[in-house]
Amino acid sequence: MPFGPIKSISVPYDTVLRKHKGFAFIEFDIPEAASLAVEQMNGVMLGGFSIKVREFLFSFTTSWDSVSSALYTSHVNAVFLSRYSF
């Protein structure tokens, strides 16, 4: 399902257990794509798991100034994807 152009994907890996940690961050070029992904993918069954998709403020170069700026403008352009509920 295409939601929009993807800017980056991060899938954390546990080097000790030698497997992925079970979650990922997907950053889109436009905030509307992230919102659409949350709307359409949260709760969907994937690989035998009901996935959780949430909006997430994300940047590889996050500073406190950019975080507070993004919170005020509410341009969240990334999602947090997990197979676990929290």
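Where a number appears in this text, it was derived from the coordinates with a stated rule and is not lab data. Everything numeric in this text was worked out from a predicted model, so none of it was measured. All Cβ positions, glycine included, derive from the backbone under ideal geometry; neighbour counts span all protein chains shown.
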Straight-line reach check, Lys7, cutoff 16 Å on alpha carbons, 8 or more apart in-chain or any other chain, hits among aspartates and glutamates -> Glu27, Asp29, Glu32, Glu55
If Val44, Val79, Val16, Val38 are placed from fewest to most neighbouring beta carbons inside 10 Å, the sequence is Val16, Val44, Val38, Val79
Per the rule of 0.36 nm per residue minus the C-alpha distance, extending Glu32 to Ile6 adds in nm 8.2 nm
When Phe56, Phe28 are ranked with the fewest other C-beta atoms within 10 Å first, the list becomes Phe56, Phe28
Proxy exposure order for Glu39, Glu32, Glu55 (fewest C-beta within 10 Å first) is Glu39, Glu32, Glu55
Env charge @ His20, Cβ radius under 12 Å, K,R +1 / D,E -1, value +3
Quick calc: nm separation of the 7 Å Cα→Cβ label points for Asp14 and Asn42 -> 2.7 nm
